[in-house]
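The values are calculated or read from the model by the stated rules, or taken from the named source; none is laboratory data. All values reported here derive from a predicted model rather than from experimental measurement. Note: ideal-geometry Cβ built from the backbone for every residue, glycine included; neighbour counts use all protein chains shown. Accessible surface is based on the protein model in full, side chains and every heavy atom, while ligands, DNA and RNA are left aside. Shrake-Rupley method; radii C 1.70, N 1.55, O 1.52, S 1.80 Å.
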Amino acid sequence: MKDITNVKEIKVGFNSGEKIIPVGRLAMRDRKIYFEYDASFIATGIAISPLRLPLQSGVTSFDTHLFEGLPGVFNDSLPDGWGRLLFDRLARSKGILPSDITPLDRLAHVGMSALGALVYEPDHSGDNSNEPISLDVPARQARDVLEGEATDVLAELIALNGSSGGARPKALIGVDEGFENIMHGVSDLAKGYQPWMVKFPNSQDGLDAGAIEYVYALMAMEAGIFMPQVHLFDAQHGAGFFAIKRFDRIGRKRVHMHTACGLLHSDYRTPSLDYEDLMALTSSLTRDMREVEKMYQLAVFNVLAHNRDDHSKNFSFLMDEKGGWQLSPAYDLTFSSGPRGEQSTLVMGEGRNSGQDHLRKLGQEAKLGNERIEEIINQTQGALSKWEELAAQYGVSTASIALIKSKINL
């Protein structure tokens with residue numbers, strides 16, 4: 001691994017999978033970050049972050065209190081939660097305080113391996129191999145890190161995690177068609193392998209966390225929500241590892257993605273958004289009522305399924321080659337409690353006791369039509385009614401089945 005600190009300037013590029021074109025430059029002075037678009041990128045007319053970083057000449061800077069001064073679109077490239085914990089622990093093992101690591105240092109560590117299409121130079125991400133792996137090994141290593149100070153596996157886990165976010169340990173992997181062979185999957189994959197992301201339990205999870213998320217994905221698809229392909233890998237301990245096919249990669253093509261958090265410069269750690277805001281964002285960005293309806297379906301599922309960790313990083317948008325936007329496939333759908341037991345994203349101003357009446361009002365505000373609103377709610381309830389049967393089938397514990405059944409809003 002190369003130097004962790006002292007990066008003064010970052011060149012940002014856009015990697016379509018065929019070529020890398022320059023986007024602009026980030027520089028830091030007196031702990032304040034500045035960004036300037038490359039004139040050639042402005043000429044393309046493609047706005048990678050139209051709300052907070054519009055295409056314009058000149059130098060831009062932002063308040064250092066949010067994202068440490070990074071524009072939201074580049075903050076989206078940084079790992080948080082588990083990935084940040086790993087990197088900070090590695091820094092400490094080298095005698096470096098995490099407080100001395102700048103956002104530019106972190107972007108250099110992401111380098112060419114970021115999720116989406118943005119890439120960063122200098123690239124300090126290290127070597128990414130295509131070697132076969134057994135998922136039980138990184139799962140055990142992650143558990144060791146969470147339980148103690150295991151430093152000998154930090155670099156390996158950082159490489160596997162890539163720039164993925166979230167609190168749970170993750171690995172970016174390549175999977176063959178039969179789900180029998182798995183390899184490290186951050187870099188270009190061998191022929192016959194597809195890019196996937198797999199999750200492992202954290203210290204607060206039970207060993208059935210993967211199975212719970214898998215069943216939630218099945219129910220979401222039954223409810224009509226657009227989901228990527230999912231899989232439950234066998235595990236030596238517990239009900240299995242949940243995996244989801246990456247939607248920021250299509251073969252060798254890379255797809256630009258941007259979270260609602262980054263688009264709106266909304267701090268997901270202090271939730272302040274309402275689903276009304278997310279639906280307005282979807283309408284403004286995509287100009288397509290079909291995409292607004294998809295966001296509404298997510299709101300209905302999250303509220304009725306008691307997925308209260310529905311913060312602004314758990315909603316993303318994908319941009320095509322011409323600069324057009326659509327809502328990404330759904331992800332991070334599982335049973336969870338939000339801040340103080342409330343929805344992280346409010347429903348018409350209600351967080352703790354949001355229910356069907358709030359959802360109906362939300363749909364009406366979005367001009368969806370009462371018949372379609374009732375159809376979506378009924379379809380979601382029908383999907384959630386299969387919780388007990390599916391959960392038992394995939395090895396969820398009886399205690400988890402009973403708890404989640406008591407919280408699902410049918």
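Some notes on this structure:
- Burial ranking of peptide ranges 19-26, 231-238 (average Cβ count within 10 Å, highest at the top): 19-26, 231-238
- Between ASP100 and THR60, the contour length at 0.36 nm per residue exceeds the Cα-Cα span by 12.1 nm.
- Debye, to nearest 20: dipole size of segment 95-252, +1 on Lys, Arg Cβ, -1 on Asp, Glu Cβ: 460 debye
- Among the trypsin sites (Lys or Arg not before Pro) within segment 252-313, those in coil by DSSP and having at most 15 neighbouring Cβ atoms inside 10 Å are ARG252, ARG269, ARG287.
- At the residue level, ILE182 shows approximately 20 square angstrom of accessible surface with a 1.4 angstrom probe and all protein chains present.
- More than 26 Å apart - percent of Cα-Cα pairs taken over segment 207-338: 24 percent
- Taking segment 270-410 and dividing mean pair separation by its residue count, relative contact order in percent (alpha carbons under 8 Å, at least six apart): 27 percent
- Shape box of segment 91-231 [Cα atoms, principal axes, largest first, Å]: 49, 34, 28
- When GLU222, GLU350, GLU68, GLU131 are compared by accessible area of protein heavy atoms, the largest-first order is GLU131, GLU222, GLU68, GLU350, using a 1.4 Å probe.
- Order of exposure, largest accessible area first, which applies to PHE301, PHE67, PHE335 with probe 1.4 Å: PHE335, PHE67, PHE301
- Of all accessible heavy-atom area on segment 266-410, the percent that carbon and sulfur account for (1.4 Å): 45 percent
- Take TYR268: with every protein chain present and a 1.4 Å probe, its accessible area is about 40 Å².
- In the context of the full set of protein chains, residues of segment 94-158 present 43 Å² of accessible surface per residue (probe radius 1.4 Å, heavy atoms only).
- Of the GluC sites (Glu not before Pro) found in segment 93-178, the ones in coil according to DSSP and having at most 11 other Cβ atoms within 10 Å of their Cβ are GLU149, GLU177.
- Whole-number percent relative contact order across segment 192-287, with pairs defined as alpha carbons under 8 Å at least 6 apart: 25 percent
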